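Following: one structure in structure tokens, then a few remarks.
All of the numbers you see were taken from the coordinates with simple rules; none came from a lab. Everything quoted here is computed from the prediction, not taken from an experiment. In this analysis, Cβ positions are derived from the backbone assuming ideal geometry, glycine residues included, and neighbour counts consider all displayed protein chains.
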Amino acid sequence: MIGIILGTRLEIIKMSPVIRECERRDLDYFILHTGQHYTYEMDRVFFEELELPEPRYNLDVGSGTHAEQTARIMTGVERVLVEEASDIVLVQGDTNTAVAGALAASKLHVRVGHVEAGLRSFNRWMPEEINRILADHMSDYLFAPTEKARENLLREGIDEWKICVTGNTVVDAVYQNLDISMKKVNILKELDLQPKSYFLATAHRQENIDSTARLREIVRGLDSIQKEFSLPVVFPVHPRTEKRIRELGVETNGIGMTKPLGFLEFLQLESQAKMVLTDSGGVQEEACILGVPCATMRYDTERPETLDVGSNILVGAEAQRILEGARSAASWTARWRNPYGDGIAGKMIVMVCAAARSN
Ligand code: UD1
Ligand code: UDP
């Protein structure tokens, strides 16, 4: 029995290739949703659009401080794993769901597989950096997306035989859904946009959004891009960001704010954008895969492969640097190669899990 633990939108997206492969191979598995994300646009829409089976369990943990959320997830995961005799559980990435799921499982001596292991920003102010380090060190199977990620793990003393370089499941998700997105949705028409004639922005990192100064700078930077290029800046707003913009009364007139979008809509917008500006991890990767220039509104990244191949630049969180980043990156031609694999990560991960079950 394979337990797939997920709780946030990107975990649903990045686990979808693994779930599809378990379905295809008719394996015994279950989905445990922690409920870290719960509003329709952050959760259900992805199950519907990606046609994923219902989770067998939903812990409904909701939002809270890091300790509250992590503790609720651990208690709930433990309860489920005591009932379900799992051979292995899979967690993904660097969320509170991933670290709490891994910790609860490993204390019950259930083997843990970490999907997207070995990423490092080397910035411990990020809650995600702490989560990913801990999840890696608790895991029995480390599915590293790239050779760089593997090297990070080896440097920290993790046994070589536990690591398998698979590529990133985000490539599978993009390849599996881009055509479907082009057939099923027409978000450009809905938003009255022309291909390659708009910027796409997202921002939700705690260190950007909870800092009033940084949030204001990011909004000012996006506004100045819209003014300089006379092109729309489309900004699907994460609920954390929406709440802070509202609380602080930040002026967002020049920016085309929308509610968070479904994956099919977002993927289509990304693929046709002039460039993207983001602090998201997944969006840095997807832009690289789709051949769209990216400026990352952070001072570091755990996705250095995107910098190495030349699809991404770090512009920090100051308005002037964000504008300069757009000036530079908007004209890039996509000649880079995708460093995240050929879209078979989900298959490789499930193959290893299936073999683990029989050991
Ligand atoms: C979490 C992850 C982050 C990941 C992101 C994906 C952690 C520490 N952070 O950040 O790594 O990049 O998910 O999107 O796990 N909210 C809602 N509806 C929801 C979910 C959240 O309104 O469905 C609001 C709540 O006010 C909540 C806030 O957003 O307090 C933040 O949610 P939370 O899950 O704590 O962190 P994210 O910023 O989403
Ligand atoms: N995404 C989406 N709708 C949106 C914004 C993002 O479907 O309005 C998708 C995006 O394609 C990517 C994932 O959400 O696959 C990224 O999630 P997020 O930025 O929340 O988290 P991170 O990757 O930073 O952990």
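Exposure proxy ranking for TRP336, TRP161, TRP125, based on other Cβ atoms within 10 angstrom of each Cβ and starting from the fewest, stands as TRP161, TRP125, TRP336.
Taking only the C-alpha atoms of the chain, Rg followed by Dmax gives 19.6, 61 Å.
Panel order for GLU247, GLU84, GLU285, by other beta carbons found within 10 Å of each beta carbon, from fewest to most: GLU247, GLU84, GLU285. The amide H of ARG111, built 1.01 Å from its N in the peptide plane, has VAL89 as neighbours under 5 Å, considering only residues 5 or more places off or on other chains. The count of lysine pairs in the chain whose Cα atoms are under 18 Å apart, excluding pairs fewer than 8 places apart on the same chain, comes to 9. Phi-derived couplings, Karplus 6.51 cos²θ - 1.76 cosθ + 1.60 at θ = phi - 60°, listed residue by residue for the range 34-50: 7, x, 4, 9, 8, 6, 3, 5, 9, 9, 4, 3, 6, 5, 5, 5, 8 Hz, with x used for Gly and Pro.
Among ILE2, GLN320, ALA213, whose Cα sits farthest toward the positive end of the charge dipole of the chain (+1 at Cβ of Lys/Arg, -1 at Cβ of Asp/Glu, about the Cα centre)? It is GLN320, whose Cα lies furthest towards the positive end. Taking Cα centre as origin and charging only the Cβ of basic (Lys, Arg, +1) and acidic (Asp, Glu, -1) residues, the dipole magnitude of the chain rounds to 560 debye. Using the empirical formula 2.2 N^0.38 Å as the baseline, the Cα radius of gyration of the range 239-359 reaches a ratio of 1.28. The orientation-averaged projection of the convex hull spanning the C-alpha atoms of the range 108-212 amounts to 10.5 square nanometres. Net length available on complete extension from GLU84 to VAL250 is 55.0 nm, with 0.36 nm assigned per residue and the Cα-Cα distance removed. The modelled label-to-label distance between GLN320 and THR39, using points 7 Å beyond Cα along the C-beta direction, is 3.5 nm. With neighbour counts taken as other beta-carbon atoms within 10 Å, the residues TYR175, TYR57, TYR340, TYR40 rank, fewest first, as TYR40, TYR175, TYR57, TYR340. Once the Cβ-Cβ distance of ASN58 and LYS184 is raised to the sixth power relative to R0 = 25 Å, the FRET efficiency obtained is 0.45.
Over the Cα atoms of the range 170-307, the radius of gyration divided by the Kirkwood radius equals 0.95; this is the Rg/Rh ratio. Taking a ≥ b ≥ c as the square roots of the eigenvalues of the Cα gyration tensor, the range 146-195 is classed as prolate, since a/c reaches at least 1.5 and a/b is larger than b/c. A full extension of the chain between ALA356 and THR65 corresponds to an added length of 101.2 nm, given 0.36 nm per residue minus the alpha carbon distance.
Full extension of the chain between GLU51 and ARG335 yields a length gain of 98.9 nm, computed as 0.36 nm times the residue separation minus the alpha carbon distance.
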